[in-house]
Amino acid sequence: MLSEEFRKRCLVQPGEAFSLDDQTTTTLGILEEPEEVTSQIFNELRVKLAQQQKVLYAQGKRKLLIVIQAMDTGGKDGCVRKVFSRVDPQGVRVTSFKAPSTKELAHDFLWRIHQVVPAKGEIAVFNRSHYEDIVAVRVKKLAPQEVWEKRYRHIVDFEQMLADEGTTILKFFLNISKDEQKRRLQSRLDRPEKHWKFHPDDVTDRANWDQFMIAYGDVLQRTSTPTAPWFVIPSDYKWYRNMCVSQIITHALDGMDLHYPKVTWDPTKVIVE
């Protein structure tokens, strides 16, 4: 099955050594077709995902949580927009996590996360997530190591609890090259309509690229579990990124035994006059 091949190639194997330096940012050697051919496959996957979401909602038993992380310009917004463009807007809830508010900082770091996990029949998408409370905090030195080091275990335990309660969890790291990030940042500077997407701090973060890669590598290795796996998605080519993510999501939904619920009454005996 093609989607299973994508899953295997992108998966961060739980418990095994891992380095982002070994991961491609272009293509996986699967479906090495021209963009127009790949885009057609992606469109078919979007239609399939829309149908799967309808059944997921109607059945009302399973939950799907999708976590998306990336460096600046990695394509988080675009990926969400493209992959879920055919899904009923009421069928997917996207939460974008910014810097925590004063109220959020007054609670534990998972407090704001737990409030927006999916309910039965829902798909929830996190655009950035609780992993910022390790990666950003670590690289920007917002807290000492003794604080963020404990969060690996806290997150693994939290995600296991969600899985035990019937949530399927898929975590995607959109992997772009440093050269591609430079091109995308420059594009935001060159186009006035994109200035709002640029922040001077983006340049500061870029200067810490190596530290971010180390921090992300540790997160991917230490928190990829059988019940909450990480997938590293090559993302220099947006069209290939979208297809990879769609393959993995639809494959996961295929494994949920989704079906419309049976009614307890006989439709043949209902007469509409």
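So is Lys178 within 20 Å of the chain's Cα centre (by Cα) and of a type in the set (D, E, K, R) or not? Spelling it out, it is not the case that Lys178 is within 20 Å of the chain's Cα centre (by Cα) and of a type in the set (D, E, K, R). Whether any residue in the stretch 24-38 is among the hydroxyl-bearing types (Ser, Thr, Tyr), more than 30 Å from Phe198 (Cβ to Cβ), surrounded by 16 or more Cβ atoms within 10 Å (Cβ to Cβ) and more than 18 Å from the chain's Cα centre (by Cα) is what I want to check. Looking for residues that are among the hydroxyl-bearing types (Ser, Thr, Tyr), more than 30 Å from Phe198 (Cβ to Cβ), surrounded by 16 or more Cβ atoms within 10 Å (Cβ to Cβ) and more than 18 Å from the chain's Cα centre (by Cα), one finds none in the stretch 24-38, hence no.
Annotation note: of Leu220, Leu162, Leu170, the sole residue that is of a type in the set (A, V, I, L, M) and outside any helix (DSSP H, G or I) is Leu170.
Annotation: Asp205 fulfils all but one of (1) touching a residue at least 24 places away in the same chain (Cβ under 8 Å); (2) of a type in the set (Asp, Glu); (3) more than 12 Å from Asp72 (Cα to Cα); the unmet one is (3). One residue stands out among those in the stretch 92-127 that are touching a strand residue (DSSP E or B) at 6+ places or on another chain (Cβ under 7 Å), surrounded by fewer than 18 Cβ atoms within 10 Å (Cβ to Cβ) and in contact (Cβ under 8 Å) with a residue 40 or more places away in the chain: the one that is nearest to Tyr57 (Cα to Cα), which is Lys120. All conditions in (1) surrounded by fewer than 18 Cβ atoms within 10 Å (Cβ to Cβ); (2) in contact (Cβ under 8 Å) with a residue 24 or more places away in the chain hold for Ile214, with the sole exception of (2). Quick check, is Asp236 crowded, with 18+ Cβ neighbours inside 10 Å and assigned to a loop (DSSP other than H, G, I, E, B)? When the stated conditions are applied, Asp236 passes them. For Arg7, the test of being of a type outside the set (Gly, Ala, Ser) and within 16 Å of the chain's Cα centre (by Cα) is passed.
As a summary of the residue check, Cys244 satisfies the conditions (1) in contact with a Phe, Trp or Tyr (Cβ under 9 Å, 6 or more places away or on another chain); (2) part of a loop (DSSP other than H, G, I, E, B) except for the one numbered (2).
What's the number of the only condition in (1) within 27 Å of Val137 (Cβ to Cβ); (2) modelled with pLDDT of 95 or more; (3) in contact with a Ser or Thr (Cβ under 9 Å, 6 or more places away or on another chain); (4) not small (Gly, Ala, Ser) that Lys197 fails to meet? With respect to (1) within 27 Å of Val137 (Cβ to Cβ); (2) modelled with pLDDT of 95 or more; (3) in contact with a Ser or Thr (Cβ under 9 Å, 6 or more places away or on another chain); (4) not small (Gly, Ala, Ser), Lys197 is out only on (2). One residue stands out in the stretch 118-130 among those that are touching a helix residue (DSSP H, G or I) at 6+ places or on another chain (Cβ under 6 Å) and part of a loop (DSSP other than H, G, I, E, B): the one that is farthest from Met71 (Cα to Cα), namely Gly121. Of all residues in the stretch 153-183, those being of a type in the set (Lys, Arg) and crowded, with 20+ Cβ neighbours inside 10 Å number 1. Please verify whether the stretch 245-268 includes one or more residues that are touching a Pro at 6+ places or on another chain (Cβ under 7 Å) and among the small types (Gly, Ala, Ser). No, there is no match, as no residue in the stretch 245-268 is touching a Pro at 6+ places or on another chain (Cβ under 7 Å) and among the small types (Gly, Ala, Ser).
The values are calculated or read from the model by the stated rules, or taken from the named source; none is laboratory data. Remember, predicted model here, so these are calculated numbers, not experimental data. Every residue, glycine among them, receives a Cβ derived from its backbone with ideal geometry; neighbour counts consider all protein chains shown.
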